[in-house]
Each structure stands twice: as structure tokens, then as C-alpha cells.
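Contents: one structure, followed by commentary.
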Amino acid sequence: MTFANIEYLFLLFLLIPYIVWYVLRYKKNEPTLRIPSTQAYMYVPKSYKVYLIHLPFLLRLFSLIMIILVLARPQTSNDWKKTNVEGIDIMLVMDVSSSMLAEDLKPNRLEAAKQVASEFIAGRPNDNIGLTLFAAEAYTQCPMTTDHAVLMNLFQSIKSDITLSGMLEDGTAVGMGIANAVSRLKDSKAKSKVIILLTDGTNNRGDISPLTAAEIAQSFGIRVYTIGVGTNGMAPYPMPVAGGIEYLQVPVEIDAKTLQAIADKTEGSFYRATNNKKLHEVYQEIDQLEKTKLNVKKFSKKYEAYHIFALLAAVSLLLEILLRTTVLKKIP
């Protein structure tokens, strides 16, 4: 509730001296009777009028408060919004080759990438998002959807040993990963189409080169953000051996030049994520660059709400007059 003439509410402060005046006047005018002892009146029941003696004043006070609220013009409003959401179509393209098991990011590159990408998905409820996985070949793990619960389930089902188990041939086919995502985005009617590619290696497999795939993406107006994940220098890699795991130090080989060229050709950006924190920052930056357009029109209609206060004031005044002229009538 709001007040059109809120300055009238300051009149409520005038009621304070009125209350003080009433209390002082009542004490001054209270009748007294000198008697030697009040013992005889100890058990005499009090009249109900004794309990009602201040009721007329309280009713008048209540009436004045209601009248002041009426003067302040209380109003209620009926608000509603018309929202127009222009979402973005996004394909996440993730490298799942065996090198993604390196543990320079914790617990490893693949699990770190899954965690950060999951947070990215959760923060974009209005966008169509899909997922492409690639190693020596690429396939669509999840087509673009706004049902992010399904997407997240499929996303979390990606296993760390997807290539070691033989489900996917090992290798790094960056061009095939981009081409697969382009095939999902090319017919999209969205004004903004984006691919976010994450890899930790150099393209060494596939029938389509990364730059050719980038040209195809450019022809369909698709921006490609590329992320090279992995530390600089050497990284610990878990090698299964008889009776356990032996860690080997393997070189980190990221083709930053090619990833930069892909981003430049499609008006995207290239990022290097050397640790978990940096990877998180990269996705945050992309999230800020690719903002979903949200147009909100707010409508409001106000209604006068003084009627109930005016009615309460009238009823209160009527009760006061009725009490003063009947039950609590004073005899001179």
C-alpha cells in the first residue's frame, strides 16, 4: 500500500500532545473522597462502567488516526509484467580424449571442466544449450534444449575413461567437434549462435581441419569461443600399472595459435585456463559477453483504498457518541 499524500501522516505526531493532555486532565479532575478507612469497600465489586471510562477517548483517538489516513489517500496497485526473452543457442564442445585425465587441474581436467560448465548451464535458464563430445571423432551427447535437467544428467554421465574403455577412439579432432556443433546450430533461428570449445591438445585426427570448420561456422554467423585447458610445461598423468597407478610427467601441448585463429575468424575469443580458478573465470567472462536479452515491460494500475479507513472512522465516532450519551453519560 502507498499513500498519494504521504505528508499528511506527519499529523499523527500531533496525537502525542493530545494523549499527554488527556492523561494530565484525567489525573487533575479525578474526584476524591476523604474517609477514615477503605476497609469497608475492599470487597465491593466494581461497576463495568469503571472499565469503560477511557473507551470514548480511545475511540476518538482511533477515529482521528483513521481520518489522517484518509487524508493521506492510501492506494493499492495491481502490477504485472510482460517479459520477452530472446535466448541464445549454445553448443558446448568438450574434448574427452585420454589426455583430459591429466591432474594439473583437480581432480582432473575433464572433471574440472564438467563442474565449471555445469555452473555455466545452471546460470542460463533461458538459453538452448547442447553438448558435443569429441576425441578422434565427434558426436552429439545432447541436442540443444531448454530442459537443462536432462542436459545436466547427460553431462554428468560423461565418464573419465570414455576413450580408455574403447567407447570412443582416442585422439583430438578439433575440426570434427566444431563441425558437429555447427550442424546443430546452422538451422537455428536465434539471433545469437555460440560454440564454446574446450580442449587440452593439438588437432591430430579427423577429416575436417579446425580452420575449415571455423570457416563453416563463420558462414552461418556462429561465434566460437576456444579454451585451452592445462598448465604450462609438464602435467601429472595417471598411468595404470599392475597393482595400482603410476604418475608420469607428460608435456602440455596446446595449439594456441590454431585456437586463436578459430576465435578470430568467427569473432569469438581464445582463453587459456591453467588451473581451476582460471577456468571458472573464463566461463564467467563468456557468460558476461553472451548475455541473454530480456525485455521487461511493467504495468501498474492504482486504486483508491481510503474507503475502509473512512468507514472505520465513522463507526468509531458513532460508538463514542453512543457511549457518551447513554452508558457513560455524565450528570452535572
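The values are calculated or read from the model by the stated rules, or taken from the named source; none is laboratory data. From a predicted model like this one, the values you see are computed outputs, not experimental measurements. Here Cβ is always computed from backbone atoms with ideal geometry, including for glycine, and neighbour counts include all displayed protein chains.
So for region 85-97 (the condition being out of contact with any Ser or Thr (no Cβ under 8 Å at 6 or more places or on another chain), acidic (Asp, Glu) and modelled with pLDDT of 90 or more), does at least one residue qualify?
To start, the set of residues in region 85-97 that are out of contact with any Ser or Thr (no Cβ under 8 Å at 6 or more places or on another chain) comprises 90.
Subsequent filtering for residues that are acidic (Asp, Glu) retains none.
No, there is no match, as no residue in region 85-97 is out of contact with any Ser or Thr (no Cβ under 8 Å at 6 or more places or on another chain), acidic (Asp, Glu) and modelled with pLDDT of 90 or more.
Is it the case that region 309-332 has a residue that's at pLDDT below 85, more than 30 Å from VAL224 (Cα to Cα) and assigned to a strand (DSSP E or B)?
no
Scan LEU211, LEU151 and give me the residue that is modelled with pLDDT under 95 and not in a loop (DSSP other than H, G, I, E, B).
On the way: LEU211 fails: modelled with pLDDT under 95.
Of the residues listed, the single one that is modelled with pLDDT under 95 and not in a loop (DSSP other than H, G, I, E, B) is LEU151.
For region 119-135, give me each residue that is within 25 Å of GLU169 (Cα to Cα) and either assigned to a helix (DSSP H, G or I) or acidic (Asp, Glu) (or both).
none
Scanning region 259-286 for residues that are over 18 Å from GLY230 (Cβ atoms) and among the charged types (D, E, K, R), which turns out surrounded by the fewest Cβ atoms within 10 Å (Cβ to Cβ)?
GLU267
Could you check, for region 137-149, whether at least one of its residues is among the small types (Gly, Ala, Ser) and under 28 Å from the mean Cα position of the chain (by Cα)? Break it down into steps so the answer makes sense when it comes.
So in region 137-149, the residues among the small types (Gly, Ala, Ser) come out as 138, 149.
Now drop any that are not under 28 Å from the mean Cα position of the chain (by Cα), which leaves 149.
Within region 137-149 (the criterion being among the small types (Gly, Ala, Ser) and under 28 Å from the mean Cα position of the chain (by Cα)), the answer is yes, since at least one residue qualifies.
Please give the number of the condition ASP264 fails out of (1) closer than 30 Å to GLY87 by Cβ; (2) in contact (Cβ under 8 Å) with a residue 24 or more places away in the chain; (3) of a type outside the set (Lys, Arg).
(2)
Mind listing just one residue for me: the one in region 197-216 that is touching a Gly at 6+ places or on another chain (Cβ under 9 Å) and among the aliphatic types (A, V, I, L, M) and, of those, surrounded by the fewest Cβ atoms within 10 Å (Cβ to Cβ)?
Going through region 197-216, the residues touching a Gly at 6+ places or on another chain (Cβ under 9 Å) turn out to be 197-201, 203-214.
Still in the running and among the aliphatic types (A, V, I, L, M): 197-198, 208, 211, 213-214.
Working: LEU197: 29, LEU198: 26, ILE208: 19, LEU211: 16, ALA213: 28, ALA214: 29.
Going through the qualifying residues, I end up with LEU211.
What about SER188, is it modelled with pLDDT under 95 and either among the acidic types (Asp, Glu) or touching a Leu at 6+ places or on another chain (Cβ under 9 Å) (or both)?
no
Closer than 18 Å to SER97 by Cβ and either assigned by TED's automatic domain parsing to the domain that holds GLU285 or free of Cβ contacts under 8 Å to residues at least 12 places away in the same chain (or both) - does that describe any residue in region 215-226? Steps first, answer last, please.
The first filter runs over region 215-226 and keeps only residues closer than 18 Å to SER97 by Cβ, leaving 226.
Those left that are additionally either assigned by TED's automatic domain parsing to the domain that holds GLU285 or free of Cβ contacts under 8 Å to residues at least 12 places away in the same chain (or both): 226.
There is at least one residue in region 215-226 that is closer than 18 Å to SER97 by Cβ and either assigned by TED's automatic domain parsing to the domain that holds GLU285 or free of Cβ contacts under 8 Å to residues at least 12 places away in the same chain (or both).
Failed condition for THR132, given (1) under 29 Å from the mean Cα position of the chain (by Cα); (2) of a type in the set (Ser, Thr, Tyr); (3) surrounded by fewer than 18 Cβ atoms within 10 Å (Cβ to Cβ), with all others met?
Among (1) under 29 Å from the mean Cα position of the chain (by Cα); (2) of a type in the set (Ser, Thr, Tyr); (3) surrounded by fewer than 18 Cβ atoms within 10 Å (Cβ to Cβ), the lone unmet condition for THR132 is (3).
Quick test for you: out of ARG124, ARG109, pick the one residue that is out of contact with any Phe, Trp or Tyr (no Cβ under 7 Å at 6 or more places or on another chain), buried (at least 20 other Cβ atoms within 10 Å of the Cβ) and at negative phi.
Numbers: ARG124 fails: buried (at least 20 other Cβ atoms within 10 Å of the Cβ).
Selected residue: ARG109, the only one of ARG124, ARG109 that is out of contact with any Phe, Trp or Tyr (no Cβ under 7 Å at 6 or more places or on another chain), buried (at least 20 other Cβ atoms within 10 Å of the Cβ) and at negative phi.
Can you find a residue that is buried (at least 18 other Cβ atoms within 10 Å of the Cβ) and outside any loop (DSSP other than H, G, I, E, B) anywhere in region 154-167?
Scanning region 154-167 turns up at least one residue that is buried (at least 18 other Cβ atoms within 10 Å of the Cβ) and outside any loop (DSSP other than H, G, I, E, B).
Name the single residue that is modelled with the lowest pLDDT among those in region 280-301 being in a helix (DSSP H, G or I) and of a type in the set (A, V, I, L, M, F, W, C). It would help to see each step written out before you state the result.
Looking only at region 280-301, we keep the residues that are in a helix (DSSP H, G or I), and these are 280-289.
If we keep only those that are of a type in the set (A, V, I, L, M, F, W, C) too, we end up with 282, 286, 289.
Values: VAL282: 95, ILE286: 93, LEU289: 87.
Among those residues, the one meeting the criterion is LEU289.
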